[in-house]
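Just so it is clear, none of the values below were taken in a lab; they were calculated from the coordinates. If you're wondering where the values come from, they're calculated on a predicted model, not measured in any experiment. Because the Cβ atoms are built from the backbone with ideal geometry, glycine has one as well, and the counts that use them run over all protein chains shown.
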Amino acid sequence: MDTFFDTFFLYMALAVGIILLIPFYRVYKGPTLFDRLLGVAAVGGKTITIVLLFGLIYGRLDMFIDISLGYAILNFVGVIAMTKYFKKSASDY
Amino acid sequence: MENFTIIQDIAAIALMLGGVFFMLVGSIGINRLPDFYCRAHAAGKVDTLGIMMFVGGMVVHEGFTLTSAKLILIIAFVAVTSPVATHALARRALLSGLKIWERQEPLK
Amino acid sequence: MTPTRVDACHIEGMKSQTDSPIIHVCARGLAPVILIIGLYVFFHGHYSPGGGFQGGVLLAASFLLLRMTLGTQISQLVMPSRLTITLSAIGALIFAGTGLVAIFAGGNFLDYGFLPVPWFDPAYLRNYAILFIELGVTLTVMATLVSIYDDLLEA
Amino acid sequence: MSMTEQTCTLEESNVPPRRGYRGIVFQVILLMAIWLILSGHYDFLHIFYGVVSVAAVVWLNLRLDPLPLANCEPCGTTRINVPRLVIYLVWLLWQIIKSGFYVAYLVLHPKMPIQPALVRFDCILPNVLAKVILGNSITLTPGTLTTDIREDRFIVHSLTRSTGDDVLSGDMNGRVARLYTKDYNPDDLCFNIRRTDEGSSI
């Protein structure tokens, strides 16, 4: 059963890794600044799961949880900082 | 006991597949919906549910250990911060004067 | 891709308070949790990835979250701007001072086993002195990041 | 609607009296629980580190305590009804799952039957925390997203016509108000309604 789960987690990591790339199109294309920020935030949320999956694959989940918790915190603080920092005037749309 | 393990495995796999499905739908929604506010719906709700389901699958896979308590902590953190982050982005967009997209022809 | 022009860096806007009660209350509720996670990362540097630098970054993230949501003025109550440079200097002093004391006690730079602390095995001493060094690193990183933020707003 | 940030300085704010030990005790218990979950080493030394950390964090946060919770608004009673809170959280979890499926259906539908609109309503709630809970719940329930809260005025972006009706029915506002107080006026929960899909401006 263990080998089955190893393979399963590997394919899950592959799937999440591919899903992770889809919002980058919005980051590249986004007509407004906020679309780009939203894409970045979405990528950050999925990174949490991919870090946890790496922990399961390497068998060191307790270690990778700390990394992913720290990543979640920095992602949240980063989004708050971005919304505070960027401000567009209405004429730019 | 053997049955319990099999049920646990099936539940874990189902939750993880569901999580991946919702993350995929959230990513598609970010690209498909017409304007920023609608895309924020996809990012703020569907993605959050996907991440919560995925990590919940890991909790089921781990069973009753300290690691799963930490994973539940991550779920709680994501559940608290994700709507706040979405609200912050949407509020800044509204304050900057971004207009919403409205359907021109009525829905039938 | 046409670059979109951005009115970035509203200095006064960055210093002011965030208006929305959701962001406000959630930041005030989450800041202590982030602080305790940062302290955990700092204290458990031996067992998990982390230690001084990462712990310092998380502590700084908590203080900066308060700076951004409560405004620079009110968040002085938690982390005063005038203290940051001092704390950063104290942290660097702890780090370098421990190393220099080890040299004077006859070892190499940062050779904890030679620290002149009585009633301690060198093995135990190595275990606890590294925590002391990490304390210096944490203080320096945390205080420097906060003071960089403050100085960028002053510019 | 004026689109400016208002600022609130320390001197202007009307500082309410301290709300007693309850908040501090709750904070200590919560932080210690988080430490014990994270730590995983239950010997004397690590629990000692934990006590030191919790004491430091609580000491740092004591100075913020006399401040009002948000935006210079004085805070009323914050004594929450815990059994109702548990029921509410379970209901909210169900709403999160429902909202995920609903938005997924909208996204994957080939014609995308959405009709976005901004919805505005006023709602008088017992305190600021109730407003925050209501705002976050609106974001997590199907097809609605809180875009702004300004004093008692909520501006919500709704994805379809029916979800806008759901928000304006005031059902969730009543649930949130019941968390804190029994005697609320049902007429105060949802009034001054305007919505852009009926032609009115926000």
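Peptides C:32-44, C:129-141, B:41-53, ordered by how many other C-beta atoms sit within 10 Å of their residues on average, highest first, read B:41-53, C:32-44, C:129-141.
For a test of the definition: using alpha carbon positions, the gyration tensor, and the 1.5 limit on a/c, classify chain A as rounded, prolate or oblate. Oblate shape, in that a/c is at least 1.5 and b/c is the bigger or equal ratio.
Charged neighbours of B:A69, selected by a Cβ distance under 15 Å, balance to -2 (K, R count +1; D, E count -1).
Taking each DSSP H run with n ≥ 4 as -39500 (n - 2.57) and averaging over every residue of chain B yields -26500 deg cm²/dmol at 222 nm. Backbone phi angles across region D:80-90, fed through the Karplus curve with coefficients 6.51, -1.76 and 1.60 (θ = phi - 60°), yield HN-Hα couplings of 8, 8, 5, x, 5, 4, 4, 4, 4, 5, 4 Hz in residue order; Gly and Pro are listed as x.
Rounded to the nearest 0.05, what FRET efficiency do A:F5 and D:W94 give with R0 = 35 Å and r taken as the Cβ-Cβ distance? Could you check? It comes out at approximately 0.75. Per residue of peptide A:24-35, the mean number of Cβ atoms on other chains within 10 Å of the residue Cβ is 5. Is the C-alpha gyration tensor of region D:86-198 telling us rounded, prolate or oblate? Criteria: a/c under 1.5 is rounded; beyond that, a/b larger than b/c is prolate, otherwise oblate. Oblate. For chain D, the longest principal axis of the C-alpha atoms and the axis of helix D:171-180 are separated by about 20°.
Highest GNM mean-square fluctuation among D:R150, D:R178, D:R120, for chain D modelled with Cα contacts below 10 Å: D:R150. Shielding value for C:71-77 is 4, the average number of Cβ atoms from other chains within 10 Å of each residue's Cβ. Taking packing as the residue-averaged number of other Cβ atoms within 10 angstrom, the listed peptides D:90-101, C:68-79 run from highest to lowest as C:68-79, D:90-101.
Build a GNM of chain D with springs between Cα atoms under 10 Å apart, and of D:G170, D:G40, D:G23 the one that fluctuates most is D:G40. Could you tell me which of rounded, prolate or oblate describes region B:2-95, using a ≥ b ≥ c as the square roots of the eigenvalues of the alpha-carbon gyration tensor, with rounded for a/c under 1.5 and, failing that, prolate when a/b is larger than b/c and oblate otherwise? Note, shape of region B:2-95 comes out oblate. Pairing the Cα long axis of helix B:66-95 with the longest principal axis of chain B, what angle in degrees results, from 0 to 90 and rounded to the nearest 10? Approximately 0 degrees, to the nearest ten.
Per-residue Cβ counts within 10 Å, from other chains only, averaged over B:3-14: what number is that? That average works out to 1. Distance from the C-alpha centroid of region D:126-190 to that of region B:47-108: 18 Å, rounded to the whole angstrom.
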